[in-house]
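**Q** Please find one structure pasted underneath; my questions will follow.
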Amino acid sequence: MAIRSVKEVLATAGIAEEAQFDERCRSWRTSRDNGNPETLLAFLGREAGFAEDNTLQKLSGVIGWPYLDLPHTPPSPEALKRVSTKVAFQYAVFPTRVEQGVLQIAVSDPFDPSMLNAVQFDAKCPVEFGLATRVEIEKSLKRFYGVGAETLDEMSEDDPLELEVTGDREITEGDQDASVIKFVNQIIWEAFKDRATDIHFEPAEDELRIRYRIDGILHQTPMPPQLKRFQAAIISRIKVMSGMNISEKRLPQDGRINVRIKGEELDIRVSTVPTVWGESVSLRLLTRGKIFLTLEKLGYAPQDESALREMIVKPHGIVLVTGPTGSGKSTSLYAFLSTINSVHKRIITIEEPVEYELKGINQIAVRPEIGLTFAVGLRHILRQDPNVVMVGEIRDLETAEIAIRAALTGHLVFSTLHTNDAPSAFTRLIDMGIEPFLVASSVEAVLAQRLVRTICRHCKVEQIVDPAYLRRIGFPEDEIGTARFWKGAGCEQCRDQGYQGRMGIYELLIVSEAVRPLIMNRSPASTLAQRAIESGMRTLRTDGWNKVRAGQTTIEEVLRVTQTEEHLGALMDDGRN
C-alpha cells in the first residue's frame, strides 16, 4: 500500500474508480462540514453501494491486511494491556492478540495516518493491522474495556470528588464535559440507545455493578474494573442532577431528572437507598410519546377491545387494571384516557408521580410529605365536578371507599391494584374492608395484564416443540398437532437475545349477572375465575397461547410471566428443541 496512492488502491479494490475519486472526495468533505462523521473509506463504500463489511473485505485482498471476525475473535489479556484505553477509544481500534512479540490491532480506516502513528507509538512494539467494521470494534471496546472506560482514565487524572454542575441540558453522544459528568451522561446515553427502562447502580464490597433492564430483563453492563474507586463521585453526580441532598447518605431519597436525547424528552425518576457497601441508585427512564398508544395498538383480542371500548364510555362505575410493577398498567390507563378525552368531559387524575402530561386533562401529583395523599386528593377531586376520575393506585381502605363512593354517585373511575389476576381484585377489595355488595355494585370490569417479550423479526425461525412438553404445560390439547411455534435465533439487532420489544397479554373480567352474586357471597377467587371463564373470559395464559400461535412471542415467555405452581419445573425441562 505504501508504493501506491489511496486512489489506486481503492480503484483496484473496486470501491471507487479513479475518474470519480476526486469528485467523490469533494462530496465527502462537504458532508463532513455538514456533520457527517463517516470516514472517506466508509463514504466511498456507501456511494458504491457496499456495506462496510463488504468494503473492508474487498480492501483486505488488495492491501494484504486480514479481515477480522471480531465477534468470534476474543482478545488475549496481554493484547488488551498493550494499548491504552484512551488510544483505543479515541481512534476506535481494538487489540486482538500478541504473537512472537507482534501485536495485532483491528482498525476500520487504514487511511488515517494519525491513527496509525498513535497506535504504533502507544503499543511500543511491532504492530500488525487487521480490518474490522467500526460497529464491531466499538462493541468489542465496550465489552472488554467496559462502558465509559475512556472516561475513567480521564477521571484518574482528576480529583474524583470534584463535580462540575452545569444544569439541565441535552445529552449527546461523546459528551466532552468534566469526567464525572461525562461518565454519567454516557451511562444514560447507552441505556437510551439500548431501549432500557431502568438503570441500577449497585455497590458491592469490591465493585460497583451497573445493570440495565431491557424488555423487562436485567442485563449487566460491562464496566472497567477501577469503577469502584469513583463510586462516591458518580452517585453524588446523580444526586446533584436529580436535586437531592448529596450530604445525606443514611436515608432513602427520591428525585427527578429531565433531559433531552436526540430531540426526545426523557423523564428520569431517581431513587436512592443506603446499603452495606454504599448507596444503591435506581433510575427509571420514561420517554415522552412512547406511552401514548391507542387501544388498537395495545394488542387486545378483538372481543376484549370491543368490550373495553364499551366500559370506558360508561357514565359511572370502576374499571380496574391489575398486575405487578412494570406490567404496563399506566400505559393502559393513559390509552383509556386518551380515547375518551374530549371537550365535553371533565377528566381529573391523581397520580404518584404524574408520568406523562395529557393535554386537556387535569392531573394532580400526590405529595405525602405535605398531606396530599390519594385519599385526600380524591376527596377534593369529587368537589371539582369531574365526569371521569383516574386514581393512580388503590392501596388502602380510605382510597378504596372514596373511589367506590364516587362510582356509585355517577362518576367513572379508573384505577390500578396489585393482584396476580383479575378475579383476585374482588377478594383484595373485600380484604381491605369494603363490603361485598358495594364491590359488586360498583366495579364494572377488571383487566389483568403482563408484558411478554416479542420475537425479534430479524432472526425469527421456526421452533420444533415436543408434544409431551406441550401437554405438561397445559397447551390446548386439540391444537398440539397443528400449531406452529417460533423463536428468535439471536442476532445483532436484538443483542443475541432473540427478542426485541414487548407486548401485552390480557385477562378481561366483565362483572356480569353470573359473577355478581359470587362477589356478594365472598366466593374465593378460584370460584370467580371458573364462572368468568364459563362466561367467556380468556385467562392470561390463554391469551398468551394465542399470541404464541400468531408467532408474536414464545412459549417460554408466556410461562415466565404467568407461572403457576404446577408448571414451575416446565421451563427447566429438556423436551424443547
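**Q** So, in the range 122-136, how many residues would count as being more than 17 Å from K58 (Cα to Cα) and of a type outside the set (K, R)?
**A** 8
**Q** Still on this structure, please answer the following. Considering only the range 70-99, state which residues are part of a strand (DSSP E or B) and either basic (K, R) or open to solvent by 40 Å² or more (accessible area, probe 1.4 Å) (or both).
**A** R97, E99
**Q** From the list L116, L44, L59, pick out the single residue that is more than 36 Å from the chain's Cα centre (by Cα) and surrounded by 20 or more Cβ atoms within 10 Å (Cβ to Cβ).
**A** Being more than 36 Å from the chain's Cα centre (by Cα) and surrounded by 20 or more Cβ atoms within 10 Å (Cβ to Cβ) holds for just one of L116, L44, L59, which is L59.
**Q** Give just the number: which of (1) at pLDDT 80 or above; (2) assigned to a loop (DSSP other than H, G, I, E, B) does Q120 not satisfy?
**A** (2)
**Q** Restricted to the range 470-500, and to residues that are closer than 28 Å to A422 by Cα and under 17 Å from the mean Cα position of the chain (by Cα), which residue is surrounded by the fewest Cβ atoms within 10 Å (Cβ to Cβ)?
**A** That would be Q500.
**Q** What is the residue count in the range 1-42 for residues that are closer than 22 Å to Q57 by Cβ and either assigned to a helix (DSSP H, G or I) or of a type in the set (K, R) (or both)?
**A** 16
**Q** Could you look through the range 440-469, keep only residues that are within 16 Å of G551 (Cα to Cα) and outside any strand (DSSP E or B), and pick out the one that is nearest to the chain's Cα centre (by Cα)?
**A** C456
**Q** Just one of (1) open to solvent by 10 Å² or more (accessible area, probe 1.4 Å); (2) over 18 Å from I312 (Cβ atoms); (3) touching a helix residue (DSSP H, G or I) at 6+ places or on another chain (Cβ under 8 Å) trips up H411, so point out which.
**A** Condition not satisfied by H411: (2).
**Q** Before we move on, is L447 buried (at least 22 other Cβ atoms within 10 Å of the Cβ), on the phi < 0 side of the Ramachandran plot and touching a helix residue (DSSP H, G or I) at 6+ places or on another chain (Cβ under 9 Å)?
**A** The answer is yes for L447.
**Q** Still on this structure, please answer the following. With respect to G544, determine if the residue is of a type outside the set (S, T, Y), out of contact with any His (no Cβ under 6 Å at 6 or more places or on another chain) and surrounded by 21 or more Cβ atoms within 10 Å (Cβ to Cβ).
**A** Yes, satisfied.
**Q** Let me ask another. Quick check on the range 316-323. Is at least one of its residues within 18 Å of A406 (Cα to Cα) and out of contact with any Ser or Thr (no Cβ under 7 Å at 6 or more places or on another chain)?
**A** Looking for residues that are within 18 Å of A406 (Cα to Cα) and out of contact with any Ser or Thr (no Cβ under 7 Å at 6 or more places or on another chain), one finds at least one in the range 316-323, hence yes.
**Q** While we're on this one: Which numbered condition in (1) at pLDDT 90 or above; (2) open to solvent by 20 Å² or more (accessible area, probe 1.4 Å); (3) closer than 30 Å to R213 by Cβ is the only one that V321 fails?
**A** Every condition holds for V321 apart from (2).
**Q** What's the number of the condition Q493 fails, among (1) over 30 Å from I137 (Cα atoms); (2) assigned to a helix (DSSP H, G or I)?
**A** So the condition that Q493 fails would be (1).
**Q** Could you list all residues from the range 382-408 that are in a helix (DSSP H, G or I), touching a strand residue (DSSP E or B) at 6+ places or on another chain (Cβ under 8 Å) and open to solvent by 40 Å² or more (accessible area, probe 1.4 Å)?
**A** L382, Q384, listed by residue number.
**Q** Kindly list the number of the only condition in (1) assigned to a helix (DSSP H, G or I); (2) touching a helix residue (DSSP H, G or I) at 6+ places or on another chain (Cβ under 7 Å); (3) modelled with pLDDT of 90 or more; (4) open to solvent by 20 Å² or more (accessible area, probe 1.4 Å) that fails for V240.
**A** (2)
**Q** Given the condition in a helix (DSSP H, G or I) and either among the small types (G, A, S) or at pLDDT 85 or above (or both), answer yes or no: does some residue in the range 147-158 qualify?
**A** Yes, because at least one residue in the range 147-158 is in a helix (DSSP H, G or I) and either among the small types (G, A, S) or at pLDDT 85 or above (or both).
The values are calculated or read from the model by the stated rules, or taken from the named source; none is laboratory data. Nothing here was measured: the structure is a model prediction, and the numbers come from that model. Glycine also receives a Cβ, built like all others from the backbone with ideal geometry; neighbour counts cover every protein chain displayed. Accessible surface is based on the protein model in full, side chains and every heavy atom, while ligands, DNA and RNA are left aside. Shrake-Rupley method; radii C 1.70, N 1.55, O 1.52, S 1.80 Å.
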